[in-house]
Every structure is written in structure tokens, then in C-alpha cells.
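These notes concern the structure reproduced below.
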Amino acid sequence: MNSLKPLKKYRFKVFLAPTLKLFEVATELFSPFLVRYIIDEGVTKKDWNFTWMTSLILFGIAIFGFLFTMLAQYLSSRVACDYAHDLRKEVFHTVSSLSDKQLDSFGKEKILTIVNNDTFAMQNGVNMFMRLIFRPPFLFVGATIFAFTIDFRTGLIFVIALLLCALVIGRIMHSTNQKYSAIQSSLDEMTLVSNDVLSGARPVRAFEKEEYEEERFGKSVLTYRERSLSLASTNAWFNPLTFFFVNAALILIVAIGGFSELEDSPITIGEIVSLVSYLVSCLAAMVMFSRMIVSLSKALASKERIDSLLAMKGNIQNSGVISKDEEASGTKLIEFKDVSLTYGNKKGDKPAVSGLTFRIDQGETVGIIGGTGSGKSTAISLLLRLFEPTNGQIFYRGIPLYEYDLNALRKEISVVLQKPSIFKGSIRSNLLLAKKDATEDEMIKALKNALAYDYVSKYDDFLDHEVEEGGTNLSGGQKQRLLIARALLKGGDVLILDDSMSALDYLSDQKVRANISKIKGLTKIIVSQRASSLIDCDKILVFDNGHIIANGKHEELLKTCDVYREIFDIQKGGVK
Amino acid sequence: MKKLKRLWPWLKGTRLAIILSLVFSSLATICKLAIPYIAGLLINYFADHRAHVCRPEDTCMDESGFIPVLLLFVLAIILVAGTIFRHIFDYTKAYIGQKVIFRVRKELFKAYLDAPIKEIDASSKGDLIQRLINDIENVQTGLLSGFAALYDGVTTILVTLFFMFTLNWILALIVVLLTPISIVVSHFVSKYNSKHFKAQAATSGELSSFVNETLKNSTSIRTLGIAEDKEKEFEELNEKFRQNSFKATMGASTINPSTRLINAFINAALVMVGAFLIINGTNIGGGGMPFYFALGFAVGDLCAFLTYASNYMQPFNEVSDVMNELSYAFSSLERINNAVHMPKDIDEGKKNISGKIDTLKMENLFFGYTDDKLVINDFSLEVRRGQRVALVGPSGCGKTTLINLLMRFYEPANGKISINEEFAGDILKKSLRNHVGMVLQDTWIFTGTVFDNIAYGKEGATLSEVKEAARRAEADGFIERLPQGYDTVISDSSGLSSGEKQLINVARLMLLEPDFIILDEATSNIDVRTEKLLNDSFKELLKGRTSLVVAHRLSTIVSSDLIVVMKDGAIIEQGTHEELYRKKGFYHELYEAQFK
């Protein structure tokens, strides 16, 4: 999809804008035209009546011009704001439909810039385009035509001067564009170094690398300066050269006009004066035009970024219609059949998980254990349909997962993710995300079960205690407990804890698990690095290198699975 | 003005260039404004010439045609000179700016390097970078270029006024008295409009943080099934932004046409009054061009006047733009200045540690990051050479803080640390840090190759040394799998897992082989099996060295010579694993919880 598409809705208004501009420029060009008559007919012939009447017309057309301009301003502001609104809506809608993998590979920082800055740049771009872009060309063309009607030579001077200016501006802008991006990369480099040094304040000092870092930064500052000066040496020609061409034209016109008195149809003094004033307004318009091109080219870069985002299509679609009520329910709740997932789509990319085959029955407590990168979280993501499997099939309640209504699926499964996800607001608002109409009693119960009540109850404002963005005013353990409470409040049939008690000490970990096990009929999937957390599970899946290498109860696994025994022994420390 | 003084020392070495650039700026302005004046003389000449030609009984002022040629010649010279002056001015302006900010940037960066950890911890990293990058840019564009534009604008206004009053003071008065109307109007409109702009900026901020939060929590939004709610919330903000933005945009859009309307009025008034003066042949308000052309106010004068009047407004606009930028730039300057003058970490010690660290003694240490809460509360411990000491305890009990004190990143509020019976404050920090190597909980990867990252602590390390260190850190496996192996450029956000980052940090230490080693949760993100392999390397490394190890997973520290159990900043138990386990105290409870 193209980011200009939302503009289609406003095309009539968009086309109206240049028409209004045409009138506006006409009034602007008309004024020197009248001045010429005032001088030639009024002043030279000493006709005061003619002079003051014509002068009054000057006031009149000024007002006319103003009205046209205001109309154009209103139109372009309206269209720009409405268009940007539609665009932002479209962009956010696209973002919501993208999978996590897509968001990550596109870059969340970049998306943030797109939603905020780039759409605003497009708003300004459209506004400027409608409001300003037509005025200078109309003015140039109008003034040149006028110059030609007076005399072929003056017309030619106009064309040449304007072309030379355009050439200089184009040339300078062309070379500065590249230089700007070089400067930007220097700035990025400096940001990088300073970021490294500030985040590594301790190692830099511990390794006594202050001088080395100073030198590293010094180099990038120097490059920046060289690049900036190279840009400046080009830019420093902009004003002088445009000044030169326009004023050279002015002098030539005065000279040619003045010396033409002996010709058959001499150029009158009034004509010279009006040509001079056309040149003066053309120069101003030229400078403005070049600034506009710069701003528009910025908007163009924004457009490209937005386009690349809008071109993406969410790879998880809710095409399923079947939900809980319609299914033929058995005890079998979840089943993986030879499931694999490869993140990349290049040849030779290793699958993150492969050959996953297991089943989970209703009411079971299932543990998942394995090293980092062994595919535990990937398996959970597949079950939540955050990714589609590359191969194999997943069944939920006996139905292929992709045929199951996605909204129903996510309502039925509560999950606490590995990475804490807390929203700015209050304890209450965070809990309510899981269940809009939860009562205070329900919330307290969930908090108690998650051992979060201990600290929440200490706040004077209790549930309304403010929570910063990302939960920065909570400790790691407090965050995890709040999130478990949120998942418990949500209810549902399945609860997944993905390594979500890592910041709790072993005692609290144990208590929370005990509370959860009291909830009847709940199917639990616990992912943990701690073998001790999984001892009581009905079934433990041992992940290694993207495969499930064993599946069974704690005692069985101790006997049959080397990897499991090893993990358990290491954690136990071999001492008792 | 006081604020401006802060800039003064940074201008050293560029002061002559500044004076020169001001001179060139003035010359360029004079040339630029002299052209319409002299062109006006020419027009006067031609107009007069024609009037006389029309009436054969008069004689022309100048029969030879020498005067117009002379004037054209003068014009050509002024044109070329103005062009060159302008170029010199534009370039020196940039040169001065670059030279100044070059100096400021280096100075500020040095201040960051010299600042005590306490200052860095207390500041937001983003804010410090903002000062170093954006604020300095602001000073360059707003203050240095701004001043150039300001000077340029003011001289243009003054010179224009001079020419206008020379030509005719009545017309000049019309311009001078009427132009302020447009300034007043634009000022009034922008003042009225500023509340819309503020509303727009505020809504933009709301939108931004909303989107940021949504992106950060994208997975949980999906799993909570609230994506549609979030879209609705976004739409509310989006709609609010549309309305605020329209008001702001429309408001700003009225300024330009209004000032243009007033200018057009001034122009019309000048034409009318100017024509009146010429027709009546009076010399009211001044006789126009001087010298040889003292013909009374004439057409050429009017033409020059119209040019001046139409350009008279522009410098005012520029000056007011500059004024806005200046206030931004001043606050940036203030922020830079504060950062440059942040406290320095003075290494007041004088002694070097000779030989190795034999004893490390902490006596009755007290410390808190804030005054109201003690994090270290009467802590005493002695570590001797070759000892392996472990610190355990619940999170927040002060283990990491203790390391901060030992490395002298922070100073204790009370109590004493001594090394080899020498007060730590008397020892050079550099010397201390030279003897101690550490891997911290927060891993640090800087943007550079894997090789550079590992070799960071040891200047001139060879590839084989680095490879050996990586092998011992169990990092060689994944490094070999990276696209360019040890030459792969990595950064904190380049996609390494937190476990892999820790391994690189461990490799850094393995290469350094210091005699005192601090490991603060150095393996917390490494999976158990790699950790087991790594433990053998650690055993090898720690042999004969002194070490202080913090770990959550107690299995890693059971074989320590001394286990120190901390709670609320103080020691509650200490001894070997067997002693503590048998004691059935807090340690026993912590240890047992691992298996329940």
C-alpha cells in the first residue's frame, strides 16, 4: 500500500489548491503591472487623477490576493491534518496486525519514528505542497511572460537568470544531499561511542580505558567536523551565486532598458521599474522554493519509510471460526505433531525447533526444561499462535490450531511471558487489562495467590498505586508477581508460566506454585530453568537444541535422561 | 548576557575570525543594498535624458554618455565584490561554528569520562547523550549561526534605513511606521497560537509514549487479546491530535498572508505618495538622489525605494526566527555547561599497590544511595590472598553495592576499606583497578568486533590469545558460528543473547588474568550445561587467585573457602558450606528451597 493513498479521499480539494494559487499569483503579478502604468501614464504625464485612482486599485488587489491565500491556507491545513490522521490510523492498524517477529525485524524504534515523526513530516509535506509549491513556478512563468511581452531581450535575461539560479540551487542541493547523510552517519557514530562509554562506565574505568575512549570519540568528532565543513564550503556558494545572477540580470535590464531610447519601440521607464520589481520577487521566491524542496525531500524520505511499513502484511491471520462451544471435547487439549519452525527464510537457516511431538491433557501440569536457546519459548509461541509452524501440525481441542478462532484461543490461554510487560498506569489498570470488569475482591484474590498482595497492600493508595512505564518503579520480583496475578485474574483454561518466576527466590517460587495448583481444572504449563520447580509435574518435557529429547515424570527422567539428570545434579550442587 | 559569558572561553582561538566575519558580513550587506540605489541613479539619468530628448529645446545633462557607463562599471564592481564578501562570510560563519563545537564536544566527552560513577548512575544516559549530540547541534545552529543571522539582519535593517532616509524621509517614515503593524500582527497571532502548538506538542508526546508502550508490550497485547482496544485508544489520541494540529497549523498559516497583505498596502501607499511627490516636483521629504542628479524626487528614487521596502520586512522575520532559536540554544548551552561542570572523580590517592593484593579488609562499612536508607549496614569482612569468598543473600541485600564500594565507584559513608594494611583512600584508584578484574551482572558489549570486545582489557593482545580466552570462556563455539567469526561487529543490540554477552564478558576476564577477581552473577543468563563446562575454566582461573563471587544459584559456590550470607546490608551468617548447612539457619533455608 502506498502512503499517499489516504489522500485520494481529498483529491478534489488537492486539485483546487493550485487553482487558488493561480489567482493569488495573478494578483501578485498584477501589482507591478499597474505600477508601470502609474509611472508611464501618470507620473511621466503628470496626471494625478489617473495616478491616485490606479493606486487605489493596488489596495484592492492586495485584499483580493489575501482572500485567495487564506482560502488556500484553510484548504491545505484541513487536508493535511485529515490526511495525516487517516495515515496514522492506517499505520497503527498495520502495526497491530504484524507478528512479533515482523516487528522485531523491522525495528521497533523505526516504527516509533514512523508513527510519530514520519506521519507528521507527511502532514507538513502535504500542507506545504498544497500551500506553497505552486506559487514560485507560477510566479517565474508569469514574470517571464511579462518580460517577453515588453522586449525579447529582457525576456531572455529573465529566462537565463532564473535558469542559472535553478542550476546553482539544483547543483548545490544535489551535492549537499549526500553530504548531509555523511554528516548524519558521523552523528550516529558519535552517539554510538558515547552510548558505549556511558553504558560501560564501570568497565571503561575498571580497564582504565579513558584515554583510549577519548581518542576514539575524538576521531569521530574530527570526521564530523571535516564533513560539516565540506558541506559548508558548498553551501556558502548558495547565497552569493543567486545574489549574483539576479542582480546581474537587474543591472542588464536597467542598462538595456535605458539605452533602448533610440530604438523604434523603446522600453519605458515604467517597464524598467516593473521588471526590477518582478526580479526582486522572483529572487525571494527562488530562495523559498529551494527551502521547500529540502523540506519536501525530507518528507519523501519519510514517505519511503512509511511505504515500507505499509507494504508489510501480518503473517498471522484469524481465519478460524471454530471456538470452544462447537468442538467435540475430549481429555486431549493440546497436541503437537512433528512441528518445526525456522525463523529465517534463507536456505540453510537452522530450524529453531523441529520434530516437536507431544500432547497435553486437560488439567495436567506440564513442565518444560532445557538450556537457553533450546526452543522452550518457541514452543510456547507456537501454541499461542504468535508464529505459524513451518512444518507439522498443532491441534487444540482436537482441531487444527489455525482453524480455531484466534480471539477465543487467546481468551482461553493465560500466559506470563519471560519478558515482563507492564503498562504505565496503576496496579489496578494493569490488572484490568486481563479482565475489564474484575471486582476488587477478584483482584485481591489474584494478588494473594501470586504473593503480590504482600507488597501491594503496603502502598497507601493500594491498587491505585502508580506504575511507571515498563514498571521501572517495581523490582524484578515485584513485576513478575504482578504479572502472575494478572494472568490468574484473566482465568481461562490454560495457564502458561514462561520462566516467569526467575526473579523470585526459591521459597516464594514454591509458594506461588502451591497456590496455583489449588485452582481446579486448570491446565498448567511451566517453563523453568530450575529443575526443582518442576519436580511435581505430571509430565516434564526436556528440550535440547530445538528437540524434545525426553518426556516423562521427574523420577523416570532421572533414570532415563542424561541431560535432565545433569541439570538436576548441577543445580543440586552434588552436595546434600 | 550572563549566559553568553559561558560561551566566551570556548571562543578562544576563533575571536579574530569572528571579527573578520563580522566585517565581511557588513561589507556584503552594504554592497547588496548599494545596488538598488545606484540602479536608481541610472534610472533617474535615463528618465531625465528622455524627458530632455522629448523636448528638444533643453539640453541634456550629459551628452557624452559617460555617466551611465561609469555607473554600470561601479555596479559591476559592487556586484562582484558583494558576491565574494558574501561567500567569505558564509564560509567563516560555518568554520567558526565547527571549531567551537568541536572543542565543546571533546570537553564534554572528557567530562563524562572523568565523572564519578555516582554521577553517571544518577543521570539518564539518554539525557547525557542528548547534551553531547543534540544540544551541541542546537548551540551551533541556534547560537553561532543564530548570532550571525542576527548580526546580518540588524545591519541589513540599519543600512536599508540609511538609504531610505537619504532618499526621502516621508516615504521612509511610511515604511518605518507601517511595518511594525505586520510585526505586531504576527506576534499577536503566534502568541494566540502558542497554546495550540503546546496542545499539539503535548498530544504528540502522548501519542509517542502510547505507541512506544504498545510496541514494547506487543506480545502481551496479543496474548491478552486487547489489540482492538489498543487501536481504539490510539484512535482517540489520533483524533485529538488531528484537532489540535489543525488549529495550530491554521493559526500559523494566517501569519504569512497577513504580513503579505500589510506589505502590499505599504507598497501601494509608497507608489501613491511617491508618485504625488514626483508629479508635484516638490522636494518635501528630501530631494532624492544627491550629487549631480539632484533633480528632486524622481522615478529612479521610487524604484529603489520599492525594492528597499519589499526587502525591509525580511530581516525582521529572520531576526524573530533567530530569537526563537536563541532561546532554545540558550537552554541547550545551559545544559551543556552544567554537564561540563559536573563533578570530577579526583584520584586523590598517591600510593601504588606493590606486588599483589594480600589482604583486603572492610571495617564497619555503612553506605546508602540516599540519606534515608542504608544499603550497607555495619559490614566487616577480611579477605586474604588466595581465598575464594562467596556472597549470597536475597536480592537487594547489598551484594552489588559492596562491589561498588570495593572498586571505589562509590565511597562508604562510614567505615574503612584497606588493602595490604593501607587505607584504600591513599591508594591510586588506577592501581587498585589494575589489580582487580570483574564480570558484572550488567554485561557490557560495545560496538566493535568480537576481537576488540574481548581484547578490551589487554592492549596488544594477539588473535591466538583472544581465541584461547574465548575457548576457556566457552564462547568460541558461538563466535565461530558468527558470520565473520572474531571480526564480526557486535553491539549491545546486535542480536546476541544475554548468555552470549556474558560469555564475551567472561572471555575478557580470562584474557586479563588479574590477581583479584570479582564475579557478580557472572553466569546468571548462561544455561546450566554451558555453566558446568565454564565452571572448570573458572576453577582453573581462580586457582591461586583471590576471588569474590556473587551467585543466586548456590550450587556454583558450595566449594568456596568462605560463604558470607548477607541480609539487609549486614552479614548474618558466615562459614563453609558444610558449617552453614549444618547450622540450619537462613542459608539452609535458601539452599533447600532450590529443591522443593
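We did not get these values from a lab; they are worked out from the coordinates using the rules stated. Keep in mind that this is a model prediction, so the values were computed, not measured. Glycine gets a Cβ as well: all are built from the backbone with ideal geometry, and neighbour counts include every protein chain shown.
Kindly list the residues of region B:512-552 that lie in the label zone of A:Arg565, defined by a backbone N under 19 Å from the point 7 Å along the Cα-to-C-beta vector. The answer is B:528-530, B:532-533, whose backbone nitrogens lie closer than 19 Å to the label point.
Here the Karplus relation 6.51 cos²θ - 1.76 cosθ + 1.60, evaluated at θ = phi - 60°, turns the backbone of region A:494-501 into coupling constants of 10, 10, 10, 10, 9, 6, 9, 10 Hz, with x for every Gly and Pro. Exposure proxy for A:Asp505, A:Asp188, A:Asp498: other Cβ atoms within 10 Å of each Cβ, ordered fewest to most, give A:Asp188, A:Asp505, A:Asp498.
Note on chain A: helix-only mean residue ellipticity at 222 nm, from DSSP H runs of 4+ residues weighted -39500 (n - 2.57) and normalised by residue number, equals -20000 deg cm²/dmol.
The mean number of partner chain beta-carbon atoms within 10 angstrom of a residue's beta-carbon across peptide B:27-38 is 2. Over all pairs of different C-alpha atoms in chain A, the reciprocal of the mean inverse distance, the Kirkwood hydrodynamic radius, equals 30.7 Å.
Using the Cβ-Cβ distance between B:Leu70 and A:Asn117 with R0 = 51 Å, the FRET efficiency computed as 1/(1 + (r/R0)^6) comes to roughly 0.35.
Local charge for A:Gly470 was computed over the other residues whose Cβ lies under 11 Å away, with Lys and Arg +1 and Asp and Glu -1, and equals +1. Put in line by how crowded their Cβ is, counting other Cβ atoms within 10 Å and starting with the fewest, B:Trp8, A:Trp52 read B:Trp8, A:Trp52. Annotation: amide H of B:Glu573 within the under-5 Å range of B:Val565, sequence separation 5 or more or interchain, hydrogens built in the peptide plane. Here the sum of -39500 (n - 2.57) over DSSP H runs of 4 or more residues, divided by the residues of chain B, equals -20500 deg cm²/dmol at 222 nm, to the nearest 500. Across region B:441-451, rounded Karplus estimates of 3J(HN,Hα) from the backbone phi angles (6.51 cos²θ - 1.76 cosθ + 1.60, θ = phi - 60°) give 4, 7, 6, 10, 10, 9, 6, x, 6, 4, 4 Hz, Gly and Pro being marked x. As a length-normalised measure over Cα pairs under 8 Å and 6 or more apart, the relative contact order of region B:359-593 settles at 27 percent. Axis angle, to the nearest 10 degrees, between helix B:66-114 and the longest C-alpha principal axis of chain B: 20 degrees.
Amide H to amide H, with H built 1.01 Å from N, A:Val467 comes under 5 Å of A:Gly425, A:Ser426, A:Ile427, counting only residues 5 or more places away or on other chains. Summarising the amide proton neighbourhood of B:Asp358: residues at separation of 5 or more, or on other chains, whose placed amide H is nearer than 5 Å comprise B:Asn420. Can you give me the span-like helices of chain A, meaning DSSP H runs with 20 Å or more of Cα extent along the axis and Kyte-Doolittle mean at or above 1.6? TM-like helix candidates: A:238-259. In plain terms, the residue of A:Val273, A:Val91 with the fewest other Cβ atoms within 10 Å comes first and the most crowded comes last, giving A:Val91, A:Val273. Legend: calculated FRET efficiency, A:Thr19 to A:Arg153, from the Cβ-Cβ distance at R0 = 45 Å, rounded to 0.05, equals 0.85. Remark: region B:403-413, residue by residue, has Karplus-estimated 3J(HN,Hα) of 5, 4, 6, 4, 7, 6, 6, 10, 9, x, 6 Hz, where x stands for each Gly or Pro and the curve is 6.51 cos²θ - 1.76 cosθ + 1.60 at θ = phi - 60°.
Between A:Trp52 and A:Lys313, the contour length at 0.36 nm per residue exceeds the Cα-Cα span by 87.2 nm. Across the options A:Gly392, A:Ser502, A:Pro420, the greatest Cα extent toward the positive end of the charge dipole of region A:333-572 (unit charges at beta carbon of Lys, Arg, Asp, Glu) belongs to A:Gly392. Spin-label pair B:Leu463-B:Glu363: with each label point 7 Å from Cα along the Cα-Cβ axis, the two points sit 5.3 nm from one another. Relative to the dominant Cα principal axis of chain B, helix B:227-280 is inclined by about 20°.
Both radii are taken from the alpha-carbon atoms of the protein assembly as shown; with Rh as the Kirkwood radius, Rg/Rh is 1.08. Using C-alpha pairs below 8 Å separated by at least 6 residues, the relative contact order for chain A is 14 percent.
According to a simple spin-label model (label point 7 Å from Cα along Cα-to-Cβ), what is the distance in nm between A:Asp437 and B:Met323? For the pair B:Met323/A:Asp437, the computed spacing is 5.9 nm. Gain on full extension, evaluated as 0.36 nm per residue between A:Glu468 and A:Lys298 minus their Cα-Cα distance, stands at 57.8 nm. Charging the Cβ of each Asp and Glu at -1 and of each Lys and Arg at +1, and nothing else, the dipole of the protein assembly as shown about its Cα centre rounds to 500 debye. Of the beta bridges in region A:333-572, as assigned by DSSP with both residues counted there, near 50 percent are antiparallel. Modelled spin-label separation between A:Leu222 and B:Leu178, with each label point placed 7 Å from Cα along the Cα-to-Cβ direction: 5.9 nm.
Mean silhouette area of region A:491-576, derived from the convex hull of its C-alpha atoms and averaged over all directions, reads 6.5 nm².
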